[in-house]
Amino acid sequence: MPLRTSTETRLLDAADELFFSQGINLTPVDAVLARAGVSAATMYRGYASKEALVAATLERRHRAWMDVWRDAADEAATPRDALLAVFDALDRFGARPLGARWCACLLYTSDAADEGRRV
């Protein structure tokens, strides 16, 4: 059974805040659950593991970035402007709440490297 949209949003918001302010490895699932106000059973109904929750958090952030970049490119008048729209998109994304707080991919790879995992 999939999670309700409001529950999933609370869970991903909590994961986003905690994983990327305290570090993925240093944040226990219990802290995310407490911040989101959901039970472990609820989380595991939607995500099989902490890694699945991390992946969903990264995916949501990636989709948000791609939407901002796509909008900036769509507004461009020429192909050259569309290519350069990445800089406008970076400005727009960084201006969003929490947009400039972290680079999720770099954080994940640094945490993975600390554990000796290949990325």
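The values are calculated or read from the model by the stated rules, or taken from the named source; none is laboratory data. Quick caveat, the model's predicted, so the values are computed rather than measured. Methodologically, a virtual Cβ is constructed for each residue, glycine included, from the backbone with ideal geometry; neighbour enumeration extends over all protein chains shown.
Taken across the stretch 75-83, residues that are modelled with pLDDT of 90 or more, charged (D, E, K, R) and surrounded by 14 or more Cβ atoms within 10 Å (Cβ to Cβ) do not occur at all.
Identify the residue in the stretch 84-105 that is exposed (fewer than 11 other Cβ atoms within 10 Å of the Cβ) and over 13 Å from Arg61 (Cα atoms) and, among all such residues, is modelled with the highest pLDDT. Result: Phe87. None of Thr57, Thr27 is assigned to a helix (DSSP H, G or I), of a type in the set (S, T, N, Q), in contact with a helix residue (DSSP H, G or I) (Cβ under 9 Å, 6 or more places away or on another chain) and crowded, with 18+ Cβ neighbours inside 10 Å except Thr57.
Results for (1) among the polar types (S, T, N, Q); (2) under 20 Å from Thr7 (Cα atoms), shown as yes or no for each residue.
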| site | (1), (2) |
| --- | --- |
| Asn25 | yes, no |
| Val29 | no, yes |
| Val32 | no, yes |
| Leu53 | no, yes |
| Leu58 | no, yes |
| Val68 | no, no |
| Phe87 | no, no |
